[in-house]
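**Q** Here's a structure for you.
The values are calculated or read from the model by the stated rules, or taken from the named source; none is laboratory data. The structure displayed is predicted, hence computed values, not measured ones. All Cβ positions, glycine included, derive from the backbone under ideal geometry; neighbour counts span all protein chains shown.
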Amino acid sequence: MAAEVRVDFDAVAQSLSALNAAAYRLVGTAACQIDKEGARYVCRLTPAGQLDSENLRRRFLELVTDENVRENLSAKTEPMRNLILSLAFGSLASSSSSQETP
């Protein structure tokens, strides 16, 4: 079995939620313990199977990058999503009140 892999991130630049999401996506492949040490997040990855240390590290970094992109995209599109939802629900409320009025 491969040894524990340590990957650390600057806590100012990296969100904990992205690290947690990436760790969750590794369930079954590796266990991940995330600790805050000073101004850094330290992720300790322990492989569950035959995955070697370098591939585990690479996969975790890919997942963290993916989660960062998802967070950024979500933040950028939130105003548009809120507008679409308010228009949709406003339309439903208007339609429902006009059906109730005789």
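**Q** Looking at the chain, what strands (runs of 3 or more DSSP E) fall wholly within it and have at least 1 residues that are modelled with pLDDT under 90?
**A** none
**Q** Right, another one. Could you list, ordered by first residue, the pairs with Cβ atoms under 8 Å in which the first is in segment 23-40 and free of Cβ contacts under 8 Å to residues at least 24 places away in the same chain and closer than 19 Å to residue 66 by Cα and the second is part of a helix (DSSP H, G or I) and among the small types (Gly, Ala, Ser), at least 6 apart or interchain?
**A** As it stands, the answer is 34/23, since those pairs meet every condition given.
**Q** State all residues of segment 2-45 that are among the hydroxyl-bearing types (Ser, Thr, Tyr) and surrounded by 15 or more Cβ atoms within 10 Å (Cβ to Cβ); if no residue qualifies, say none.
**A** 15, 29, 41
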